[in-house]
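Participant: Here you go, one structure.
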Amino acid sequence: MSLLQVRRDRVTFRLAKPPVSGQIRLRLFVVSLVLAVLAFALFCVGMTIGDVPLGVSDVLSAVFGGGDSGTAYIVQELRLPRALTGLLAGLAFGASGAVFQTITRNPLASPDMIGINAGAATAVVAGISFGFGGGLGTTTLGLLGGLLTGLLVYVLAWRRGTTGHRIILVGIGIFAMCTSLTDYLLSRAQITEAQASIGWLVGNLANRGWEHVVPLACALAVLLPLVLALSRWMRTLQLGDEVAAGLGTPVQPVRLGLLLAGAGLVAFATASAGPISFVALTAPQIAQRLARQASPPLTASALTGAVVVLGSDILARILTASPLPVGIVTGALGAPLLLWLLARANRSGSGG
């Protein structure tokens, strides 16, 4: 037996075998579906751009093993890794932004703002400047830097538990320290080392290979299901710690699990594509307003992040004769939204 109830904005279902029940929010489902289609379209269009122009049909044929050998090589070895890195990094940035904005209950909280991206950047620049980056590689350095920074933020914010307010304040301090250290290392580095560091620091999808795709894909395969499993408690965290605990939510273990999972997502994405700015900040806010939800929806935020990164990468390659790093475009588009969020927070009395 099954029960199906259809209301104006949601569908409630209950199945006897298997014993599953739940709700489908119609607007959120439609928004997520449209975002998924748009992300796939941008994914395909991005692979048509290059020194050898290709059609979408040629790209799709080459992706699935058809077409001539030359087109297959261009797509599968040169353009597909770049497109997949952008897609997966966008998903990771968007999902991590939704996690951090939910557990801190602040729309301005994102890995950009609380130092995780900055920690990854400091680790990479230190490795390049001191000469041990060649052995570990920027991917490993960025991963270690991001994860250690996320753990440091949680430890320093602990005082008989953590709160979103303390995580933000500690994260802003860590962000300032890491940024200052990165600037110092750049000022002491040789010209070639500084150029190599800056090329990674702005966030770039150029010259991505399968060695960047595989670790990020594996991380998403592990961390996204973990975040989805913990997401049933994310809504109660929005009500505050005391109310959430009263509703049976294990507040501190859930917050720690979400913080580490979110830090892992952004660390792997940063390690593969660089610290692409403002995606983790803007994607959840865009998704929340499209879906008209009280808090950032996780799946829609991840898909919005993919759309933002893939769309910005296309703009970065067609706006000028010399392709721009994708991080420059996302920064130019994300800065006005940040200013708007700050103004809105001040008007509502939550901006300090």
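The values are calculated or read from the model by the stated rules, or taken from the named source; none is laboratory data. Predicted model, so just to flag it, every value in this text is computed and none were measured. We place every Cβ from the backbone using ideal geometry, glycine too, and count neighbours over all the protein chains shown. These area figures cover heavy atoms from the full protein model, side chains too; ligands, DNA and RNA do not enter into them. Shrake-Rupley method; radii C 1.70, N 1.55, O 1.52, S 1.80 Å.
Participant: Over the chain, what is the relative contact order in whole percent, taking alpha-carbon pairs under 8 Å and six or more residues apart?
Facilitator: Relative contact order, the chain: 26 percent.
Participant: Tally up the carbon and sulfur contribution to the accessible surface of the chain as a whole percent, 1.4 Å probe, everything protein left in place. Before the final figure, lay out the partial values.
Facilitator: Details: 11140 of 16780 Å².
Here carbon and sulfur together make up 66 percent of the probe-accessible area.
Participant: Still on this structure: What net charge is computed for the residues neighbouring A89, neighbours being all others with C-beta under 11 Å from the C-beta of A89, Lys and Arg scored +1, Asp and Glu -1?
Facilitator: Net charge in that neighbourhood comes out at +1.
Participant: Compute the orientation-averaged projected area for segment 79-232 from the convex hull of its Cα atoms and round it to one decimal in nm². Mind showing how you got there, number by number?
Facilitator: Values: hull surface 38.8 nm².
Computed as one quarter of the Cα hull surface, the answer is 9.7 nm².
Participant: Also, I was wondering about something else. Name the residue, out of M177, M113, M234, whose mean-square fluctuation peaks in a Gaussian network model built on the chain with Cα pairs under 10 Å.
Facilitator: M177
Participant: A further question on this structure: Read phi for every residue in segment 105-114 and hand back ³J(HN,Hα) as whole Hz from Karplus 6.51 cos²θ - 1.76 cosθ + 1.60, θ = phi - 60°, with x for Gly and Pro.
Facilitator: 6, 9, x, 8, 7, 7, x, 5, 7, 9
Participant: Please sort through the DSSP H helices of the chain and keep those with an alpha-carbon extent of at least 24 Å along the long axis and a Kyte-Doolittle average not below -0.5.
Facilitator: Once both thresholds are applied, what remains is 26-46, 80-104, 133-156, 164-188, 210-237, 251-273, 298-318, 326-348.
Participant: Which value, in Å² rounded to 10, gives the accessible area of F175 with a 1.4 Å probe and all protein chains present?
Facilitator: Spelled out: F175, probe radius 1.4 Å, area about 80 Å².
Participant: How would H165, H212 line up by accessible area, probe 1.4 Å, largest first? Provide the component values of the computation, followed by the final result.
Facilitator: Values: H165 125, H212 25 Å².
Order by accessible area, largest first: H165, H212.
Participant: Now a separate question. For the chain, which span is the longest to avoid every loop-located (per DSSP) member of trypsin sites (Lys or Arg not before Pro) having at most 15 other Cβ atoms inside 10 Å?
Facilitator: Of all site-free stretches, the longest is 9-158.
Participant: Expected output is a single nm value to one decimal: the length gained when fully extending between V243 and V52, i.e. 0.36 nm times separation in residues minus the C-alpha distance. What is it?
Facilitator: Stretched out fully, the V243 to V52 stretch lengthens by 62.9 nm.
Participant: Relative contact order of segment 126-247, please, whole-number percent, based on alpha carbon pairs below 8 angstrom and at least 6 residues apart.
Facilitator: Relative contact order for segment 126-247 comes out at 23 percent.
Participant: Could you check which residue among D313, D183, D68 shows the biggest mean-square fluctuation in a GNM of the chain with a 10 Å Cα cutoff?
Facilitator: Evaluated over the chain, the most mobile residue of the options is D68.
Participant: Quick check: pseudo-label points 7 Å beyond the Cα along Cα→Cβ at A176 and Q190, how many nm apart are they?
Facilitator: Label-label distance for A176 and Q190, simple model: 3.5 nm.
Participant: Per DSSP H run of n ≥ 4, the term is -39500 (n - 2.57); total these for the chain, divide by its residue number, and report the mean residue ellipticity at 222 nm rounded to 500 deg cm²/dmol.
Facilitator: -24000 deg cm²/dmol
Participant: In percent, what relative contact order does segment 26-112 have, based on Cα pairs under 8 Å that are 6 or more apart in sequence?
Facilitator: Computed value for segment 26-112: 18 percent relative contact order.
Participant: Rounded to the nearest 10 Å², what accessible area does T299 show when all protein chains are kept and the probe is 1.4 Å?
Facilitator: Estimated to the nearest 10 Å², T299 gives 80 Å².
Participant: Another question about this same structure. Keeping every protein chain in place, order D51, D112, D58, D241 by accessible area at 1.4 Å, biggest value first, i.e. largest first. Each step should come with its number before you reach the end.
Facilitator: Working: D51 155, D112 20, D58 75, D241 45 Å².
Descending order: D51, D58, D241, D112.
Participant: So, one more: Size of the dipole of segment 196-352 about the Cα centre, Lys and Arg at +1 and Asp and Glu at -1 on the beta carbon, nothing else charged, in debye to 20?
Facilitator: Magnitude of the dipole: close to 360 debye.
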